[in-house]
Amino acid sequence: MALLSVLTPVLVVILCLVIGFMLVKSREPETTSTSQDKTKAASKSEFRPWVDQDLQDDTEITAREDEDDDWVDNEQDLPHVPYSHQRYTEETMLARSQEFYTLMNQRRSVRFISPEPVPREVIDNVIRTAGTAPSGAHTEPWTFVVVSDPEMKHQIRLIVEEEEEVNYRQRMGDKWVRDLAKLRTNWIKEYLDVAPYLVLIFKQTYGILPNSQKKTHYYNEISVSISCGILLAALQNAGLVTVTSTPLNCGPQLRLLLKRPANEKLLILLPVGYPAADATIPDLKRKPLDDIMVHI
Ligand SMILES: Cc1cc2nc3c(=O)[nH]c(=O)nc-3n(C[C@H](O)[C@H](O)[C@H](O)COP(=O)(O)O)c2cc1C
C-alpha cells in the first residue's frame, strides 16, 4: 500500500508525458518531406518576375468560384445584322498585304523620343483603333490612360525609375540583365518626361456595372494584349513611335497615382511621340518566315 502511494504521482507524471507526446505527434505532418520535395516546393515558389504578380490573373476561369450576388450575367437578346464585307481582287490583296508588311516591318521600339507635340486627335484615333480589338465575350476589358500633363508624367517617371533600379539591381537576376545588355536599356527612363504622351494600358480583371454589380471579363489579359498589338500597328501607321514597356512592380503605385479602380491592373506603358532626331536602335534582325511558320 505504501509502495502504491509512493508510485501514484510517478505514474501520473508518466501518463501525462505519454499523452503530451501523443498530442505533439498528432499535430506533425503525416509524411516528412524529402529533400526532393523541398526542391520542388522551392522551385514552385521561385520568384518569376517576368510573370509579374500585377499580371497574374485568375479571373478568367475561376472568377465565378467565389460567386456571390454581386455578379451579373449579360443576358440581353442581341439582334444580328448582315455583315458588310470589302472584297479585293487577288492582285490587290497581294499588294495590300505586302504594303502592310513593309509598314509593320519598319516598326521598332524607340527609346529616344522627341518632345515635339503630337496632335491630340491622332492619339484619339489610335486609341479608338485599339478599341476595335476582339475581346472575350465582347467585354472590352481595357482602359487606356493618356497622360500629357508634365507633372503627372514626372510622377510616373519617379515611380518607374525607383522600381526599375531595384529590378535591374536585384529582382531581374544576372541572366536577364545580361540578355538586356545588348539593348542598352537601364532604369533611367528619360522618355517618361520627354514624350508628349504616355499611354498606360490597364486590363480590367472584371467589369463594374453602373449598379455596382460585377461582370466577368473572360480572357481579359489576352484581349487587352491583342488591343495593344493593334495600338502599336496604329501608331506605326500614323508615323509615331513608342517602346513597349512593362514596368515591373510599378502597377499598384501607378494605378493609385492615376486614380484607377482596384479591378484595373497595369499591363503596358507606352511613351508615344516622334523619334528624337538622334535616336538610335539596336540592329536586331527578325526571324525569316520559315522559322516562324509551319504549313501543314
Ligand atoms: C511584353 C514586352 C515587354 C517589353 N518590355 C520592355 C521594357 O520594359 N523596356 C524596354 O525598353 N523594352 C521592352 N520591350 C521591347 C523589346 O525589348 C523589343 O520589342 C524587342 O527588343 C524587339 O525590338 P523591336 O520592338 O524594335 O522589334 C518589351 C516588349 C514586349 C513585347
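In the stretch 109-279, Cα pairs under 8 Å separated by at least six residues give a relative contact order of 40 percent. With coordinates expressed along the principal axes, the C-alpha atoms belonging to the stretch 109-279 extend over 48, 37, 29 Å, beginning with the largest. For trypsin sites (Lys or Arg not before Pro), the sites in the stretch 211-296 that DSSP calls loop and that have at most 12 other Cβ atoms within 10 Å are 259, 285, 286. Shown in residue order for the stretch 87-100 are the 3J(HN,Hα) couplings computed by the Karplus curve 6.51 cos²θ - 1.76 cosθ + 1.60 at θ = phi - 60°: 9, 10, 5, 4, 4, 5, 4, 4, 5, 5, 5, 5, 4, 5 Hz (x for Gly and Pro).
Using r as the Cβ-Cβ distance of residue 120 and residue 279, and R0 as 30 Å, what FRET efficiency do you calculate, to the nearest 0.05?
Values: r = 23 Å, r/R0 = 0.76.
Here the calculated transfer efficiency is 0.85.
Scalar couplings 3J(HN,Hα) for the stretch 182-194, obtained by applying the Karplus form with A = 6.51, B = -1.76, C = 1.60 to θ = phi - 60°, are 5, 7, 6, 8, 8, 8, 7, 10, 4, 4, 5, 8, 7 Hz; x denotes Gly and Pro. Could you sort out which of 189/265; 189/287; 182/259; 153/203; 215/287; 175/203 sit more than 31 Å apart by Cα distance in this structure? Over 31 Å Cα-Cα: 182/259; 215/287.
For the stretch 182-221, a crude dipole built from +1 on the beta carbon of Lys and Arg and -1 on the beta carbon of Asp and Glu, taken about the Cα centre, is about 160 debye to the nearest 20.
For residue 182 and residue 107 in one chain, what is 0.36 nm times their gap in residues minus the Cα-Cα distance, to one decimal in nm? Could the numbers behind the result be given before it?
Values: separation 75, 0.36 × 75 = 27.00 nm, distance 1.86 nm.
Additional length available on full extension: 25.1 nm.
Please state the equivalent ellipsoid semi-axes for the stretch 103-208: what are the square roots of 5 times the Cα gyration tensor eigenvalues, largest first, in whole Å?
Working: eigenvalues 143, 77, 54 Å².
Gyration-tensor ellipsoid for the stretch 103-208: 27, 20, 16 Å.
Readers should treat all values here as calculations from the given coordinates under stated rules, not as data from a laboratory. Here the structure is a predicted model, which is why all the values come from computation and not from measurement. When we count neighbours, we look across all protein chains shown, and the Cβ atoms used for this are built from the backbone with ideal geometry, even at glycine.
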